[in-house]
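What follows is a set of notes on a single structure, which appears directly below.
The values are calculated or read from the model by the stated rules, or taken from the named source; none is laboratory data. Being a predicted model, the structure only gives us computed values, none of them experimental. Cβ coordinates were reconstructed from backbone atoms using ideal geometry, including for glycine residues, and neighbour counts include every protein chain displayed.
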Amino acid sequence: MRKLIYLCFLPILLVSCGDLLQLGIDAAKTAGSIIDDLALYYRFDGNTDDSSGNNRDGTQPGGTPFSHGESDRFGASNTCAQFINTHMDTGWGSAVEITGEFTINFWIKPRSSAGPPLPRATTKMHILGVSRAYEPEVDSPGLYMEIEKPGATHNLTVAIADSESFSNKDLVTFNGLWDSIDLANWYMVTIVHKNGLGADKIELYINGAKQSPDVSSSGLTYRVDLEDSIFIGGSHINDVGNGDTSYYQMDFMFIDDFRFYSRALTDRERDALYYERGYTP
């Protein structure tokens, strides 16, 4: 009887760590797209339609269309976006509590041709945020994510700020995060916010790997609701409307498959998004 028990456990012991990892990847692939609590989903398949089922189609002020010019991570053409001298308004976000749980997941690729691939010195590029006025970090509450080149390094910052006092914010910065990236590849960027206040509630993942911030600041003292809709692309909305896009714009990056969830996704769910549709890195 004892020998029989040993034989029953033997196949389990023979499974290698690599096999276990592959089993986890396969499980993530079969999980498919995550739709529970999906508030926004832009595939950018030649349009700004919302694929979440919530009918929150994106609009662009002045009718300036976003441009293409790059294939997505699967090699399909006209299936991603590049916002040059424009931005996209999602039309959604008002009264969303951004100190509660949420997840933002999207794919991004540096522009490797026709100009600098990343922001120039002293330049900031807002990827997403909420803006009513010229300085979204100062004049309006909300979430923003930016890439900045201070000196010789490319930093990435994620912050939640309050309009009344900019010192009232939770912020994490990752110094030099983009300095060693391969400009030929797509990267999945995931922002996870756990419920509550504090910089420790903000997590950043690149291709599923959690990043450790170099700078963090916890200053948000009360819950903040978005007063305006979430946008993607150039952040100086008034400047964009007036034709001045020399400072904050998103012409250095292509973006694809932008999703906003009203909860924190699990590790397995993030893996499912990474390996979605059988994607092979």
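Leu40 falls short on exactly one of the conditions (1) crowded, with 16+ Cβ neighbours inside 10 Å; (2) modelled with pLDDT of 85 or more; (3) part of a loop (DSSP other than H, G, I, E, B), and that condition is (3).
Pairing residues of the range 253-273 that are over 29 Å from Glu70 (Cα atoms) with residues that are among the hydroxyl-bearing types (Ser, Thr, Tyr), at Cβ distances under 9 Å and at least 6 apart in sequence or on separate chains, gives Ser262/Thr103; Arg263/Thr103; Ala264/Thr103. Having 1 or more residues that are at pLDDT 80 or above and of a type in the set (D, E, K, R) is the bar; report the strands (runs of 3 or more DSSP E) wholly within the range 214-281 that clear it. By residue number, 250-261.
Results for (1) in contact with a Phe, Trp or Tyr (Cβ under 7 Å, 6 or more places away or on another chain); (2) in contact (Cβ under 8 Å) with a residue 12 or more places away in the chain, shown as yes or no for each residue.
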| site | (1), (2) |
| --- | --- |
| Arg73 | yes, yes |
| Ala76 | no, no |
| Thr86 | yes, yes |
| Trp92 | no, yes |
| Thr99 | no, yes |
| Phe102 | yes, yes |
